[in-house]
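Structure first, commentary second.
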Amino acid sequence: MRIHELVQKLIDQALDDVHTALPARVEQFDPTTLRGEVVPLVKRKMEKDGEPVPLPPILDVPFWMPKAGPFVLRLPVRRGDVVLLVFSERALDYLLVDGQPQDPRLRRRHALDDAIAIPGLLHMGEGALPGDHAGDVALFDRATGNKIVLKASGDCVIHVPAGRIYLADESAGEAAARGTSLKEWLDNHQHPYSWTPGAGSSTTGPPTSPSPEPSKKVFLE
Ligand SMILES: [Fe+2]
């Protein structure tokens, strides 16, 4: 083997264990700690003429979610979801302890064990997202058809075809009135009435003054 071939082989072997980014499948996820178990979507030949075999599962992987101060957007990651793994250049064991700089203490660099998962990779077997609202900010539930959309036009849509929208309190038990329908009923309803002596009955006319216009801005408590 010539020297340049040997050097190339050594470099290739060293790079085999330098990990940068890989897609992976989620096996488990804990929504309270935002950590889970993943399996990279890559097989690797462990012997020269052997069959490629899957990489082992990676345990206790921190998942990235949009988060700032007290606010967090927690996506319900499920088994089978595909994520992007990035591999920390130093061992993570001591680096995510308290948000302060730490000595990593361990020598691992770009190791499989030091993966961070970013949810949201779409694989082709999942099909496509809805084509509508491409120019808007949209939160879709592809299972129910629910969506919340901030439209570029200035409108905001909360579309919940089968469920309920709870406002102000998750345990609220009373339905809100439909303003236009209620106003139409109020302005046109009549009452039967009767009188004595003379024993007659009739129906009133509708109210002589209109009811208030439906609310355009409201708050709930
Ligand atoms: Fe009345």
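For segment 72-177, the alpha-carbon coordinates run over 64, 36, 29 Å along the three principal axes, in decreasing order. Shape annotation for segment 2-52: C-alpha extents along the principal axes are 55, 22, 12 Å, from largest to smallest.
Under the combined filter of DSSP loop state and at most 14 neighbouring Cβ atoms within 10 Å, segment 90-186 retains these GluC sites (Glu not before Pro): E170, E174.
Annotation for S215 and V53: the two label points, set 7 Å from Cα along the Cα-Cβ direction, are 6.5 nm apart. Rounded to whole numbers, the Karplus 3J(HN,Hα) couplings from phi for segment 190-201 are 10, 10, x, 8, 9, 9, 9, x, x, 6, x, 8 Hz, using 6.51 cos²θ - 1.76 cosθ + 1.60 with θ = phi - 60°, and x at Gly and Pro.
The Rg/Rh ratio for the chain, using Cα coordinates for both the radius of gyration and the Kirkwood hydrodynamic radius, is 1.28. Taking a straight line from the alpha carbon of K147, these lysines sit under 30 Å away, with near neighbours fewer than eight places off in the same chain left out: K67, K183, K216, K217.
Within segment 29-70, the trypsin sites (Lys or Arg not before Pro) that combine a DSSP coil assignment with at most 14 other C-beta atoms in a 10 angstrom radius are K48.
No lab work stands behind these numbers, since they all come straight from the coordinates. Values in this document were obtained by computation on a predicted structure and should not be read as measured data. FYI the Cβ positions are ideal-geometry reconstructions off the backbone, even for glycines, and counts take in every protein chain you see.
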